[in-house]
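Down below is the structure, laid out as structure tokens.
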Amino acid sequence: MNSHKPIHALIPGFGQRSLKTALATAILALIYLPFRENPTFACIGVIFGMGNGIEDSKKSGGNRLVGTIIGGLLGIGIFRAEHLAFPNGNYYFRVILIFLGVILLVWSSVVFRWPGAVQPGGVVLCIILFNTPVNHIDYAFQRMFDTAVGVVFAIAVNEFFKRERVDRWLRREAEKEIQ
């Protein structure tokens, strides 16, 4: 359990993690603008990847990244299997495949010792199978890339703005206000 007590918070429940998450999300969205059309999944990666500290960020961001990779790769394979059996697709066959895919997702997540990867992996798997992007392979790899960028960015921001460092900055500001 985290026993950290914030120095001061003007808004109850709004602390360093909230501020770092909002800041990292906005900065990453600006950085993405000239390079990629849509920052959505990178920003989601930041939000999932921002923890109370570095270890928490690595765990929650790792869950998101590993889940996205497992779900993306399973989605590619399952989508391909459906279209080999039914070139125009078949919703009922896809339902059977999603059942098998979720079993493989859970099993893979446990084997790789990332049980927290099941939920984000399931999201990617369902998007690939039920939203049927035109190029499902490219889509899956783009989601993996964007998620990785977001998670790495969250960890970097969390490392730069370590809780102790921000506490020192806030303490200095609070001391200035008192004087």
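The values are calculated or read from the model by the stated rules, or taken from the named source; none is laboratory data. These figures come from a predicted structure and were not determined experimentally. Here the Cβ is made from the backbone with ideal geometry for all residues, glycine too, and neighbour counts use every protein chain on show.
Would the stretch 122-143 turn up any residue that is outside any helix (DSSP H, G or I) and in contact (Cβ under 8 Å) with a residue 24 or more places away in the chain?
yes
Are any residues in the stretch 80-95 surrounded by 11 or more Cβ atoms within 10 Å (Cβ to Cβ) and among the aromatic types (Phe, Trp, Tyr), and if so, which ones?
Phe86, Phe93
When you look at Ile47, is it in contact with a Gly (Cβ under 9 Å, 6 or more places away or on another chain) and of a type in the set (A, V, I, L, M), yes or no?
yes
Please go through the stretch 118-166 and pick out each residue that is out of contact with any helix residue (DSSP H, G or I) (no Cβ under 9 Å at 6 or more places or on another chain) and of a type in the set (A, V, I, L, M).
Val134
Can you name every residue in the stretch 30-41 that is crowded, with 17+ Cβ neighbours inside 10 Å and out of contact with any Ser or Thr (no Cβ under 7 Å at 6 or more places or on another chain)?
Result: Tyr32, Pro39.
Every residue, every condition in (1) surrounded by 12 or more Cβ atoms within 10 Å (Cβ to Cβ); (2) under 17 Å from the mean Cα position of the chain (by Cα), yes or no:
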position	(1), (2)
Leu97	yes, no
Gly101	yes, no
Ser108	yes, no
Trp114	yes, yes
Gln119	yes, yes
Ile128	yes, yes
Asn131	no, no
His136	yes, no
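Looking for something at pLDDT 85 or above, over 22 Å from Glu164 (Cα atoms) and among the hydrophobic types (A, V, I, L, M, F, W, C) - is there at least one such residue anywhere in the stretch 46-62?
No, because not a single residue in the stretch 46-62 is at pLDDT 85 or above, over 22 Å from Glu164 (Cα atoms) and among the hydrophobic types (A, V, I, L, M, F, W, C).
Cβ-Cβ below 6 Å, separation at least six or inter-chain, first residue in the stretch 46-72 and within 13 Å of Lys20 (Cβ to Cβ), second of a type in the set (S, T, N, Q) and part of a loop (DSSP other than H, G, I, E, B): which pairs?
Taking only residues 6 or more apart or on different chains, the pairs are Asn52/Asn2.
What do you reckon, is Asn158 farther than 29 Å from Ser18 by Cβ and of a type in the set (S, T, N, Q)?
no
Check Thr147 against each of (1) surrounded by fewer than 21 Cβ atoms within 10 Å (Cβ to Cβ); (2) closer than 21 Å to Ala24 by Cβ; (3) under 14 Å from the mean Cα position of the chain (by Cα) and name the one condition it does not meet.
It fails just one condition, (1).
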